[in-house]
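Everything below concerns the one structure shown next.
The values are calculated or read from the model by the stated rules, or taken from the named source; none is laboratory data. Everything numeric in this text was worked out from a predicted model, so none of it was measured. Cβ atoms come from the backbone with ideal geometry, glycine included; neighbour counts cover every protein chain shown.
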4 protein chains.
Amino acid sequence: MTGIAVLGTGRIGRMHAENIAAHPRARLAGVYDIHAPAAAEVAAQLGVPRFDSVEAALASAEVDAVLIASSTATHADLIEQSVAAGKAILCEKPIDLSLDRVNACATKIAGTSLPIMLGFVRRFDSGHAGVRKAIESGQIGELHQVTITSRDPGMAPDAYIEASGGIFRDMTIHDFDMARFILGEEVTEVTATGSRLVDPSLMQRCDDYDTVTVVLKTESGKQAIITNSRRAVYGYDQRVEAFGSAGMAISENRALDHVRLYGAEFTDRATPLKNFFIDRYADAFADEISAFVDAIEQGKPVPVGFEDGRQALLLAEAAILSAAKGRTVATREIG
Amino acid sequence: MTGIAVLGTGRIGRMHAENIAAHPRARLAGVYDIHAPAAAEVAAQLGVPRFDSVEAALASAEVDAVLIASSTATHADLIEQSVAAGKAILCEKPIDLSLDRVNACATKIAGTSLPIMLGFVRRFDSGHAGVRKAIESGQIGELHQVTITSRDPGMAPDAYIEASGGIFRDMTIHDFDMARFILGEEVTEVTATGSRLVDPSLMQRCDDYDTVTVVLKTESGKQAIITNSRRAVYGYDQRVEAFGSAGMAISENRALDHVRLYGAEFTDRATPLKNFFIDRYADAFADEISAFVDAIEQGKPVPVGFEDGRQALLLAEAAILSAAKGRTVATREIG
Amino acid sequence: MTGIAVLGTGRIGRMHAENIAAHPRARLAGVYDIHAPAAAEVAAQLGVPRFDSVEAALASAEVDAVLIASSTATHADLIEQSVAAGKAILCEKPIDLSLDRVNACATKIAGTSLPIMLGFVRRFDSGHAGVRKAIESGQIGELHQVTITSRDPGMAPDAYIEASGGIFRDMTIHDFDMARFILGEEVTEVTATGSRLVDPSLMQRCDDYDTVTVVLKTESGKQAIITNSRRAVYGYDQRVEAFGSAGMAISENRALDHVRLYGAEFTDRATPLKNFFIDRYADAFADEISAFVDAIEQGKPVPVGFEDGRQALLLAEAAILSAAKGRTVATREIG
Amino acid sequence: MTGIAVLGTGRIGRMHAENIAAHPRARLAGVYDIHAPAAAEVAAQLGVPRFDSVEAALASAEVDAVLIASSTATHADLIEQSVAAGKAILCEKPIDLSLDRVNACATKIAGTSLPIMLGFVRRFDSGHAGVRKAIESGQIGELHQVTITSRDPGMAPDAYIEASGGIFRDMTIHDFDMARFILGEEVTEVTATGSRLVDPSLMQRCDDYDTVTVVLKTESGKQAIITNSRRAVYGYDQRVEAFGSAGMAISENRALDHVRLYGAEFTDRATPLKNFFIDRYADAFADEISAFVDAIEQGKPVPVGFEDGRQALLLAEAAILSAAKGRTVATREIG
């Protein structure tokens, strides 16, 4: 049993804590949050200790690994501290909003053999992973075009948006990682376009976009197209489509239920989509913990690591530049 | 070019006349209706002669064949007259509401080598025919169960219902033929159940049902299940499903269009179903004419003939008896 | 926390034990199996006591309730013993293969206020329950016809089939309960047909069928059609369709994953169906435990009780008689 | 009855000739082709005159209108000649491969009140038009993103590709028009990317692409994304998706038939897609003729005119420049 401490017990940290507690090969060693009552509530509910500080958590012999789910600004520091303490790490995305900070962190932890895994949970979705498997097994031949549709069910609160680092770093970053996962090779060119259609005044104020399209290209010419919106009224729209020389594989949306309704004005009507990521990716979050435990216990490589987190951020930086300049940006321009 | 006269220019006769007029290998030789103005209107519209009488039509050298679309009570007489006149026949279902009359007609025309085809148009539907082809090509292995869902979009006028001969002879008869077509062997047992749910008072008055289920069985044990309703608010529900030892083939409903709609309360909503048979089976009606012309010009056997019409009526008689007696009826009890 | 002992640790008992252990409001008080090593393995795996006997389990103060998952022949006895011991009961279907024994059991436990729940798990499936909800909320108007397609992915071992009590008591019984659940009123007439198509020689030997169709009718004329096969090569086929005066609701099959594949010969190809009941109804089994705990802790009525188990068996008896006699059987003929 | 002459009797001209001949309100006045035997064959088959020259066709009193389906290089000349002769025009796309030539043609025919319609047939597809209607009726709220997937089933012959003017002018041009049709406002920015993945050596030789993605943006920030491939093995992939503030509307692909197949390895498998445009857009081609006849007979405006043809070519020019320069191109840069 691997003992895992959860650092940060907000909505996503709490979910991870529950998944770890329920996992047959993991043990929730305790929880920490900068806001002690939040951690206390989760600790009480799950019957585990609350740590008074990050240091206490990292010092505990019960803690083999940490799951970092605190606010973004703390991620890089916590990674560095955890590596120093010899703990395996599963860190929520992004590593940091600043590529410089990520690079500095990379330098600092260089050479560690500890498992450091990034929480790009969508890689563990059976549908999206099924598309990747279809490619690997040759079912669609040579990959040519990837289409990722990714729309949130609704605008986050203004305060969240303002501190998010912008849509490319906050939301599209998942899709950048998905594109890399499906493409199976590095992106060399990024072209991005943004619009302000959902909440123009907020977007204006933040110098951000709520509706974006990004086109990625690899050295060999493979294309990936990402379309994002901050608000889809019909729910959390999450689709991945891979087109190749011998066919196509599609990972479909998930409705709340497998019921179809017919009436006087319509037929074959499905229920709304699962909403939001905690429901849509419930199985994927559980499988993510399994993969992390496998990496720790069996020495398997982490399926998505620090460098994947860095690459996704690098693509976000390229997209920001591309949208601002109105031109294709080579990833080598960014770093 | 085969010259075809249409006898009876009601809704369905008019449609057949248009299909014949537009057919590359057929020629509409003229039309007749007991109500002369109805025939005159169609004749004018399509630029063809109106015949003053059935005799005139059958006497015309321009007429190689007749399409009988007049009222049911006239079908058997017209078949006999047309055979006597040496004309090929495409007759709308049913041959007659009385099995005795059908048997008498069979005796009278016995030995003719003229093509006599029955208008069970659904056999020509590419979906339903596709299910049959899947069976013939071995794609579902040995056939075990056939499920036919067949619901009209709305009640016909009371007068029509009253004269229809009852739901089994009027509506289920199409499904009896479809069951025989898909089963590929004769039915030996019929078990039927009827309810009065759509218009109980009318059904009571007519001693009829508006909602029925029929289970058919063949000598080898294959089963076919037919469910009918006189009114489906979502449109003309026409599905055929064939289940076998190696798989299943389904002929699906046809929506008005290939548009799917998503909104705040639903996803993947399709348009209503095509409504009614003239739209749903438009291609099938055209292909039916082609098959008829093939039989005449190339001497191919008619794909669905007089005996098929007789067998479907025989199953209707068995169903009527079964529903009345509450027991399974062997088809050999009927004739 | 409700303490529950699991009696019988075969495949399904083990699954229930795991679900109870993982349930936030239940506690697995221990397990028992007539084959001690089987119980010991589950006990060790889940870290709970193994009981030496049923008596020991029923005597334990830790045990508030029992889940009966032992062989069918023991169910009625265990129900009687558990009621005598004052324990709430969740019993796997069927209560017994003999209606007489079930009636005797009913007499013996008459008047108990203990929650006695029957394991008709499909009522807890969100899809099937969604169809029921659509009816209750008026979305399809007055219910007219229910169509239940229920096919197992493969033949059980010969020994199982031989001891099963026949397909109507063993397999269709789930569909009888589903029909009652969806219909919302009692069945008054049963008409059944059976064939031997999957394994004719085994079926001959057991005087059983592997392919059946049953038509049920209520006093008001509502119809339910059940089609069963012991083997569907494409997986565990579980569909429920409710047709009414204002629309239709369909509970669809569940594919292994939401991936669609396109190739040179086909499009929109889905993965095989979930296979078998433990996977297909995984969420339903967990929700079943919740409903049981609700009944115990909050005094809510059990959503499916002893009488539901008796009624389903009664319909099975009627179907057996109907198939044998070739006639519709009134349920009042049976009991 | 409007008399229409077809100029050019290749594959598409022949189809148009058949549609005109079958149209209830049009009359095929005759056909012309620079290769006389080709025209003669069609003329004989449809029982209409063959014209010896364009001049003869334009001089005929039987000719009210011309359908131009000759090679692209002749379109602009034929438009000018036909306008001079006072004939209404339905011209296949594109007007010309050169925007200068199109502009010169526009100048020459300026002021004519003759109906001049462009053959962007996809606007007449009931699915794509259904998406537009959903937008116009407010069903998806404010339009935000349009996604057009458009893939040919296979590479055209090398000679065709070499003379095509490149993928943007030859293939994407349909999608540029579709984007304008769905967006309902003019595009101001074009960003295009091309790859050589299907036939790299041919593409290299032609300095062309076989796999492209184009992102369009309007003044108000609406986005349209077009993905093209010259070869989809699963058939002619033609989808349009419109996402807005209140929902989404999707025009789906068309399978050859409504049959779904289930087997040991798969479920719900559809037939391949309709292949190619003559089948996929058969109804749309017929409706296009109707719209043309309406414009002539009833003086309705043509639903898609010369300026639409010019705008689509302008977007193609912008895309070519964008792909070459690796930057967003403002349409006002092109003209």
Determine which member of the set A:Asp175, A:Asp237, A:Asp152, A:Asp208 is without any contact (Cβ under 8 Å) to a residue 60 or more places away in the chain and within 17 Å of A:Tyr281 (Cβ to Cβ). A:Asp175
If you scan the stretch B:81-93, which residues turn out to be within 21 Å of the chain's Cα centre (by Cα), at pLDDT 95 or above and assigned to a loop (DSSP other than H, G, I, E, B)? B:Glu92
Residue satisfying condition, being surrounded by fewer than 22 Cβ atoms within 10 Å (Cβ to Cβ) and either under 25 Å from D:Ala17 (Cβ atoms) or β-branched (Val, Ile, Thr) (or both), within set D:Val293, D:Val329, D:Val302: D:Val302
Looking at B:Ala69, B:Ala61, B:Ala56 in this structure, which one is over 15 Å from the mean Cα position of the chain (by Cα) and in contact (Cβ under 8 Å) with a residue 24 or more places away in the chain? B:Ala56
Among the residues of the stretch A:323-331, is any part of a helix (DSSP H, G or I) and aliphatic (A, V, I, L, M)? yes
Against the definition (under 21 Å from C:Phe120 (Cα atoms) and of a type in the set (A, V, I, L, M, F, W, C)), how does C:Val31 come out, yes or no? no
Filter the stretch C:105-146 down to the residues that are surrounded by fewer than 19 Cβ atoms within 10 Å (Cβ to Cβ), in a helix (DSSP H, G or I) and either within 21 Å of the chain's Cα centre (by Cα) or of a type in the set (Val, Ile, Thr) (or both) and list them by number. C:Ala106, C:Thr107, C:Ile109, C:Ser126, C:Lys133
Return the residues of the stretch C:5-28 that are farther than 21 Å from A:His23 by Cα and part of a strand (DSSP E or B); say none if nothing qualifies. C:Ala5, C:Val6, C:Leu7
For B:Ala312, work out the one condition from (1) more than 7 Å from every other protein chain (Cβ to nearest Cβ); (2) surrounded by fewer than 20 Cβ atoms within 10 Å (Cβ to Cβ); (3) within 24 Å of the chain's Cα centre (by Cα); (4) under 23 Å from B:Ile173 (Cβ atoms) it doesn't fulfil. (2)
Given the conditions (1) surrounded by fewer than 20 Cβ atoms within 10 Å (Cβ to Cβ); (2) touching a residue at least 60 places away in the same chain (Cβ under 8 Å); (3) within 25 Å of A:Asp175 (Cα to Cα), and given that A:Pro94 satisfies all but one, which numbered condition is not satisfied? (1)
Taking the conditions exactly as written (among the acidic types (Asp, Glu) and touching a Phe, Trp or Tyr at 6+ places or on another chain (Cβ under 7 Å)), does B:Asp177 satisfy them or not? yes
Residues to consider are D:Arg269, D:Arg260; find the one that is part of a strand (DSSP E or B), over 24 Å from A:Gln145 (Cβ atoms), among the basic types (Lys, Arg) and modelled with pLDDT of 95 or more. D:Arg260
In this structure, does C:Glu162 turn out to be touching a Cys at 6+ places or on another chain (Cβ under 9 Å) and in contact (Cβ under 8 Å) with a residue 40 or more places away in the chain? yes
Please determine whether any residue of the stretch B:274-292 is of a type in the set (Gly, Ala, Ser), more than 7 Å from every other protein chain (Cβ to nearest Cβ) and without any contact (Cβ under 8 Å) to a residue 24 or more places away in the chain. yes
Restricting attention to the stretch B:315-335, and to residues there that are touching a residue at least 12 places away in the same chain (Cβ under 8 Å) and charged (D, E, K, R), which single residue is farthest from the other protein chains (Cβ to nearest Cβ)? B:Glu317
